[in-house]
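Undergrad: Structure provided below as structure tokens; questions to follow.
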Amino acid sequence: VSVFVGLIGVIAGFAALAIIVDALGRDLTFTGRTEIWDGLLPFIEDRLWYGYGHDALWTLETTESRALARAVGFPPAHAHNSVLNTLAGIGLPGLILYFGLFISTLTAALRHLRRSAFAAWALAFCMLLLVFGSVESVFVGDWLPVLVMARLAMAKLTRSRRIDEEQDILLADAIRPTLSIDLDAEPGGYDPVGVKPPS
């Protein structure tokens, strides 16, 4: 259900793209970002599997970074898109690992949403990553440690919930023998306290 709702949200987002970029203070070219993306895509295709190194394409210190600046027409500070920036820096395996962390954090937050304010915070943070990640490079920058902390918080919630469930099972197992009732016994034939009433 979560994946289905997420897909509907993505489709609705693309359908309302003009409204979204206007709310972000951009235009449909994302304030020139599409020029950066067009110039960057051939570089990503050349090193799709291993990238150029974290932020190496934005330094103007390598041949590739200077070639990218010429292709774009100006030296960009970063890709202005988290997916493209991650692909350029650490390649497709790095992007897959990142989304593995992201999706596990998101699903854990949804699982614990009704029980913890931390889960609501983690869910809101994941949504912010998706929104800002479309126009800024936030996946492997300063926001990565926050995502790791959110995942650790969700892991702690999962562990606490599992411990509570195990304790409930142990308590039920301990109580069950004392609550056994023999429905076939004669009335008054079972004395749970061990004291027979006076005759």
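The values are calculated or read from the model by the stated rules, or taken from the named source; none is laboratory data. Nothing here was measured: the structure is a model prediction, and the numbers come from that model. In this analysis, Cβ positions are derived from the backbone assuming ideal geometry, glycine residues included, and neighbour counts consider all displayed protein chains. Side chains included, ligands, DNA and RNA excluded: accessible areas come from the protein's heavy atoms. Shrake-Rupley method; radii C 1.70, N 1.55, O 1.52, S 1.80 Å.
Undergrad: Quick one: which residues, 5+ away or cross-chain, put their amide H under 5 Å from the amide H of Val138? H built at 1.01 Å from N.
TA: Ser82
Undergrad: Let me ask another. With a sphere of radius 13 Å drawn around the Cβ of Leu171, what net charge do the other residues whose Cβ falls strictly inside it have (Lys, Arg +1; Asp, Glu -1)?
TA: Working: positive: Arg176; negative: Asp164, Glu165, Glu166, Asp168, Asp173.
Net charge in that neighbourhood comes out at -4.
Undergrad: Further question: Order His54, His80, His112 by their accessible area, 1.4 angstrom probe, all chains in place, largest first.
TA: Working: His54 110, His80 35, His112 10 Å².
Descending order: His54, His80, His112.
Undergrad: Pop a pseudo-label 7 angstrom from the Cα along the beta-carbon direction at both Ala124 and Ala12 and give the gap in nm to one decimal.
TA: 1.9
Undergrad: To the nearest 10 square angstrom, how much accessible area does Met127 have with a 1.4 angstrom probe?
TA: 80
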